[in-house]
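The values are calculated or read from the model by the stated rules, or taken from the named source; none is laboratory data. Predicted model, so just to flag it, every value in this text is computed and none were measured. Ideal geometry is used to build each Cβ from the backbone, glycine not excepted, and the neighbour counts take in all protein chains shown. Each accessible area value is taken on the protein alone, full model and side chains, heavy atoms only, with ligands, DNA and RNA left out. Shrake-Rupley method; radii C 1.70, N 1.55, O 1.52, S 1.80 Å.
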Amino acid sequence: MEKIILLIFMAVLLFSDESVISKCNECHSYSPTPSYKKIHKHYLLKYSSKIRVKQAMIGFLKAPSLEKSEMSNGMKKRLKPENHTIFDDKTIEKAVIYIIEKEDIQKRFKKIS
Amino acid sequence: MFASEKSSLYRFLLIYIGSSLFLVAIGLVIFFNYEKHRLIDFQNSLIKVQSAVLVSELRELHKSKEHEIIYPKHSEFSSAIYDIDKNYIFGDFHPNSPSLDKEFYQKNNILFYVQKIYPYYLGTAYIIVQKSLDDKPIISVKTRLIIGFVIVIFFITLIAYWLGKLFLSPMRNSITLLDNFIKDTTHELNTPVSTILTNAELLKDFYPELENSKELGRIESASKRLSRIYDDLAYLHLNHKRHYNIEQVDISEFLKKRIDYFKTIAKAKQIQLTYNIDESVLLNIDKEDITRIVDNLLGNALKYTLPNGKVELVLTNEYLSIKDNGIGIDKAVKDEVFQRFTRANKSEGGFGLGLSIVVDIVKYYNFDIELQSQVKKGTKVSILWKK
């Protein structure tokens, strides 16, 4: 069931493609805003599995706060995560899935021959 | 070595060697298991170190800015990583149904080590390391133990044999003493008995008026009995070294002569000795053996029949039977007598000795023996030739 939902999401992603993430890219493509890779790494380190990372990210984006931020202390001080732009739930979910799929560790491992 | 001595020695060796080997084997098995666990523990600690190396490699990979990640491969072991929800992430092997909750486990000859890590570098919550067990040291321990065991067997057997001999030597001495005593006695008995017998017969020849003398008859019958006891003893004693001289014997003729011999005894006891002998019954047998059979059976019949009784002998081509109307054998004792047949209990005088000899001979020639008896009515013993 989960896999089917995931597949549907991925299909939607293929068509909607970067349109969802473009809103985020407005900031996240440029310094000093952290890259998705960096953000993903921080979340991965604490939450391990895809599902948990997704839940945590969505949790933050729906109600940004200092406590929920997983970034380094220095960044928190400088960039004020509690002031993060709030988006509608659908956008958040799609964007988060996009990030997670793009940064998926399993896909990034080089196949061993 | 005597038969009884041999069997005692074997029994002693069996119990002694068996029990000591059992104890030694238990000790060796415990030691082997201990040693095996020690060796496996050692290999497990090696895996632990290798797993720690893997963790630091994962940490470095996590920090790396490269998009593509190359899984750290090692030649000495295989590994795989799992996320916190126990989903397989990656690895250079893909275990089927791994148990991530046990730290160490072993399947067939493969050791597994599961390490939980935090923080989750690359999302890794569990590392599972697989390494084939190096069983060479275990096999070498095993072979050394087996060699040791064989050496121990050898020494225990040696000691047991020596101990057995030591313990048996008093028994052997007394048996030898007894044996020699019987041998000497038997030997010493022969000459006087035959002297008495010949002279009693000579007396009758010289003085015909003594032909019917009761006193002389008793002397004759008593010395004949003595002479038969001598024959039995000599037979038993020399049996194992004797040479069988099997020839065709006319049992009918032979029996008639033997009956003549027993007539004096029957007469002295006033027993009516009748016989019914088929002509020319031929058997292939050692004369000595048929003598022992007939002498013992007839002797017993006469011995256990009261004065004025009857003893009847029948010989046909099928069997020889000797029937008396003597005291008979009790049913309970009858079994014992048969037991004695098979046990050939030589310690019993008279009956036991004679019948055991008969049974030995019957067995040797593959004859059959039958015993019918009723208390106070009499006994009938039959030997079936089974030709």
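How far, in nm, would the chain grow between residue A:63 and residue A:46 when pulled straight, counting 0.36 nm per residue and subtracting the alpha carbon separation?
Net length gain for the segment: 4.2 nm.
Projected onto its three principal axes, the C-alpha set of region B:3-134 covers 92, 23, 22 Å, listed from the longest axis down. Placing a pseudo-label 7 Å from each Cα along the Cα-to-Cβ vector at residue B:376 and residue B:210 gives an inter-label distance of 4.2 nm.
With a ≥ b ≥ c the root eigenvalues of the C-alpha gyration tensor of region B:57-165, is it rounded (a/c under 1.5), prolate (a/b larger than b/c) or oblate? If you can, show how the numbers build up before the last one.
Details: a/c = 5.06, a/b = 3.69, b/c = 1.37.
Because a/c hits 1.5 or more and a/b exceeds b/c, region B:57-165 counts as prolate.
Taking amide H as placed 1.01 Å from N in the peptide plane, residue B:111 has its amide H under 5 Å from the amide H of B:131, B:132, B:133, each at least 5 places away in sequence or on another chain.
For residue B:272 and residue B:11, a Förster radius of 60 Å and the Cβ-Cβ distance give a FRET efficiency of 0.70, rounded to the nearest 0.05.
Counts of other chain beta carbons within 10 angstrom of each beta carbon in peptide A:101-109 average 5.
Modelled label positions at residue B:56 and residue B:143, each set 7 Å beyond Cα in the direction of Cβ, lie 3.8 nm from each other. Given their separation in residues at 0.36 nm each and the Cα-Cα distance between them, residue B:152 and residue B:166 gain 3.0 nm when the chain is fully extended. In this structure, residue B:49 and residue B:24 have a Cβ-Cβ separation that, at R0 = 45 Å, corresponds to a calculated FRET efficiency of about 0.75.
Treating the beta-carbon of each Lys and Arg as +1 and of each Asp and Glu as -1, no other charges, what is the dipole magnitude of the protein assembly as shown about its Cα centre, to the nearest 20 debye?
Details: 72 positive and 59 negative charges, 496 e Å.
My answer is approximately 2380 debye.
Using only the Cα atoms of region B:244-384, each taken as one equal point scatterer with no solvent, compute I(q) by the Debye sum, divide by I(0), and report log10 of the ratio at q = 0.15, 0.16, 0.20 Å⁻¹. Normalising to I(0) and taking log10 leaves -0.73, -0.83, -1.31. With respect to chain B, whose longest principal axis is taken over its alpha-carbon atoms, helix B:136-206 is tilted by about 0°. Using a 1.4 angstrom probe on protein heavy atoms only, the contact between A and B buries about 2000 square angstrom of accessible area, both sides summed. Compared with the dominant Cα axis of chain B, that is its longest principal axis, helix B:214-238 is turned about 20°.
The mean number of Cβ atoms from other chains found within 10 Å of a Cβ in peptide A:40-50 is 6, as a whole number.
What does the highest-first list of A:62-73, B:222-233 look like by mean Cβ count within 10 Å? Display every interim value, and only then the final one.
Details: A:62-73: 13.2, B:222-233: 18.9.
By packing density, highest mean first, the sequence is B:222-233, A:62-73.
Which of the peptides B:91-99, B:301-309 is most tightly packed, and how do the rest follow, judged by the mean count of other Cβ atoms within 10 Å per residue?
Values: B:91-99: 12.6, B:301-309: 17.3.
Taking the mean over residues of other Cβ atoms within 10 Å, the ranking is B:301-309, B:91-99.
As a rough guide to protection, the peptides B:184-190, B:361-367 ranked by mean Cβ packing within 10 Å, highest first, stand as B:361-367, B:184-190.
Each part gets one Cα centre, and for region B:32-92 versus region B:221-279 those centres are 97 Å apart.
Put simply, the amide H of residue B:89, placed in the peptide plane, has neighbours under 5 Å in B:81, B:82, B:83, leaving out anything fewer than 5 places away on its chain. Surface exposure of chain B, expressed per residue as accessible area with a 1.4 Å probe, stands at 58 Å².
Keeping every protein chain in place, order A:75, B:171 by accessible area at 1.4 Å, biggest value first, i.e. largest first.
Values: A:75 20, B:171 60 Å².
The ordering from most to least exposed comes out as B:171, A:75.
Report the FRET efficiency, 1/(1 + (r/R0)^6), for residue B:33 and residue B:76, where r is their Cβ-Cβ distance and R0 is 25 Å, rounded to 0.05. Spell out each step's value before the answer.
Values: r = 26 Å, r/R0 = 1.05.
Computed FRET efficiency for residue B:33 and residue B:76: 0.40.
Surface composition of region B:244-384: carbon plus sulfur atoms hold 46% of the accessible area, using a 1.4 angstrom probe and ignoring ligands, DNA and RNA. The Rg/Rh ratio of chain B, with both radii computed over alpha carbons and Rh defined as the Kirkwood radius, is 1.48. Could you give the nm distance between label points at residue A:83 and residue B:159, where each point is 7 Å from its Cα heading toward the beta carbon? According to this spin-label approximation, the distance is 9.2 nm. Against chain B, whose longest principal axis is taken from its Cα atoms, helix B:351-364 shows a tilt of about 70°. Remark on the protein assembly as shown: hydrodynamic radius 33.7 angstrom, per the Kirkwood mean of 1/r across alpha carbon pairs.
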